[in-house]
Amino acid sequence: MATYKTQIQWGSPGDPWHDDHALEITIANRNAVVPGNGRPPTGTTVSWSGPQGNATVTFFDDGASFSGTAQFPGEGPVSYRGQATS
């Protein structure tokens with residue numbers, strides 16, 4: 001599992017970023033995409049969709065950070081980024 005401090009940005013690319021809720025991510029099937037005791041490798045892209053929203057993010061710096069987009073119920077799409085905390 002990897003945990004990230006996240007931020008969202010709406011409006012123009014130069015607008016400020018705003019703190020959002022932490023993201024915890026673990027993905028495993030035959031092999032761990034996000035290992036139980038680590039982070040996803042650089043270049044890994046993860047997408048999800050459900051009643052609480054949807055997002056697509058790509059991980060960088062050996063999983064130390066990610067960037068992408070997210071959309072939450074009743075809101076438009078926003079830029080979404082995170083920094084690993086664990």
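Using the crude model of +1 on Lys and Arg Cβ and -1 on Asp and Glu Cβ, and no other charge, please compute the dipole size for the chain relative to its Cα centre, in debye to 20.
260
Given an 8 Å cut-off on Cα distances and at least 6 residues of separation, report the relative contact order of segment 1-80 as a percent.
This gives 25 percent for segment 1-80.
Among 41, 10, 70, whose Cα projects farthest towards the positive end of the dipole of the chain, with charges put on the beta-carbon of Lys, Arg (+1) and Asp, Glu (-1)?
It is 41.
Using a/c under 1.5 as the rounded threshold, could you call the chain rounded, prolate or oblate? The axes a ≥ b ≥ c are square roots of the C-alpha gyration tensor eigenvalues, and prolate needs a/b larger than b/c, oblate otherwise.
Here the chain falls in the prolate category.
Any read-out appearing in this document is the output of simple, stated calculations on the displayed coordinates, not a laboratory observation. Because the structure is predicted, anything quoted here is derived from the model rather than measured. Note: ideal-geometry Cβ built from the backbone for every residue, glycine included; neighbour counts use all protein chains shown.
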